[in-house]
Amino acid sequence: MARKPSTCALCEQSNLACICPVCVNHRLSDYNARLKPSRSKRDSLHKRLAAELGAGRKAADQVNWRIVQEEKLSKMNQRLHFLKEKLAKDKAKAEKVSNDLKIKNDVLDSAFAMLEQKRLEVLEKYYPNFICTQNLGLMAITSERLHKQSVVVKHICRLFPMHRVNVDGEKNDDYCGLYDQICYARLPRGLDPHSVPIEELAASLGYMVQLLNLLVPNLAAPALHNAGFAGSCSRIWQRDSYWDARPSSPSKEYPLFIPRQTFCSSGGDNSWSDRGCSNFGVASVESERRPYLYSSGANSFNYSSASPHTIETHKELQKGISLLKKSVACITAYCYNSLGLDIPVEATTFEAFAKLLATLSSSKERHSVFSLKQAHTRQANAAAEQISLPCKFSSFI
């Protein structure tokens, strides 16, 4: 089939470029047809080149990352090797210093033992009468101190007598059984404030607070908690610090009484903790006797029927009783240990405390305890006595 000429007869005879529109359009369409495959080929080559360049960059990045990691690993290995060498050197140095210190301590211990032995020899040789004199003087001072202490405790016990009584319900108040009593007011059993009548609860706990406040300075006994005596509205708290005897916050000051209903607060809540009320929410002597904030039968407290404020007051009262009993138990244990006696195992907290006061207020029992302690000291072996006696009175030389 013969190829169709690309130009017309007029443009072909003139031997010039295409001048007619038909020939120009025909030439352009041919050129566009030849250009389309070239363009698609160019785009495919561009995509292939971009993919190869991306793969090459990723490979180069991986190679560079491996090189960097190998350099870091080599530096870390060098650092680890250096630290191992330093640790070995430090261990050897510490072991050497420890051995030197051990040798020096052994030398010092032997020197101290030798000095102590020579000191004992000098004391036995030149000061035997002085040691005996000081020992007798100390015994006399201790005996006089115990006698004066027993006199003071006896007077305090006369003011605040404590007994263990058996109540058979003679007061018709449904409170019967064994009770610890102070100033003829029954103390609560355990942490139950309803185990005794409400009036006796506040009075007995107030008496106990005042008794502790009088005994602690006279016996030089530790007091775990501070207490403020205010009759039947006393309180107890944990001191904020050694230097500050006040509580850390007013909420940590616990009552030792069941408050009466007051109407000082504007919200209608009968709050005993409102300090704007008189006598901490307790009715005064001149005012009419208001009912207690909550009142229930003997040995009972109904949590289901009580208001949230009443339950909170009940729990704070239990916390106050717990703090008071902990202080009493601490003083009892301290005094029994100082006397070298065993604490009564089956006795209650207040019963053991009452027995302790009976022992402290009796001069005969105090002297018998002191004599037993002296006899026990004399029956010790001779070696222990020779070591302990000069050390005990070395401050007088």
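The values are calculated or read from the model by the stated rules, or taken from the named source; none is laboratory data. Everything numeric here is computed off the predicted structure, so don't read it as measured data. Every residue, glycine as well, gets a Cβ built from its backbone with ideal geometry; the counts of neighbours run over all protein chains shown. Remember, those area values only see protein heavy atoms, side chains included, never the ligands or the DNA or RNA. Shrake-Rupley method; radii C 1.70, N 1.55, O 1.52, S 1.80 Å.
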- Rounded to one decimal in nm, the spacing of the 7 Å Cα→Cβ label points at Lys315 and Val165 is 3.4 nm
- Net lengthening on full extension, Cys20/Lys41 (0.36 nm per residue, minus Cα-Cα): 4.3 nm
- Query: So, in Å, what gap is there between the alpha-carbon centers of segment 36-110 and segment 210-240?
  - Reply: 68 Å
- Note on the structure: Placing each pseudo-label 7 Å from Cα in the direction of the beta carbon, Ser251 and Ile141 end up separated by a distance in nanometres of 5.0 nm
- Query: Taking the Cβ of Gln238 as the center, what net charge do the other residues with Cβ under 12 Å away carry, scoring Lys and Arg +1 and Asp and Glu -1?
  - Reply: +3
- Task: Report, to the nearest whole %, how much of the accessible area of segment 124-218 belongs to carbon and sulfur atoms, 1.4 Å probe, protein only.
- Result: 58 percent
- Over the heavy atoms of Ile198, what accessible area does a 1.4 Å probe trace out, to the nearest 10 Å²? 20 Å²
- Enter the accessible area of His81 (Å², nearest 10), with the probe set to 1.4 Å and all protein chains included. 110 Å²
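Summing Lys, Arg as +1 and Asp, Glu as -1, what charge do residues with Cβ under 14 Å from the Cβ of Lys319 carry, Lys319 excluded?
+1
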- Under 11 Å from the Cβ of Lys125, count the other residues' Cβ atoms, weight Lys and Arg +1, Asp and Glu -1, and hand me the total. 0
- Task: Give, in whole angstrom and from largest to smallest, the semi-axes √(5λ) of the equivalent ellipsoid of segment 130-260, with λ running over the eigenvalues of the Cα gyration tensor.
- Result: 35, 23, 10
- Those chymotrypsin sites (Phe, Trp or Tyr not before Pro) in segment 171-225 that DSSP places in a loop and that have at most 12 other beta carbons within 10 Å: Tyr184
- Pairs beyond 21 Å (Cα-Cα), from Lys104/Lys125; Lys326/Lys364; Lys96/Lys118; Lys326/Lys355: Lys104/Lys125; Lys326/Lys364; Lys96/Lys118
- Heavy-atom accessible area per residue of segment 188-261, all protein chains kept, 1.4 Å probe, expressed in Å², is 43 Å²
- So how far apart, in nm, are the two label points at Glu85 and Asn129 if each is 7 Å from Cα heading toward Cβ? 7.5 nm
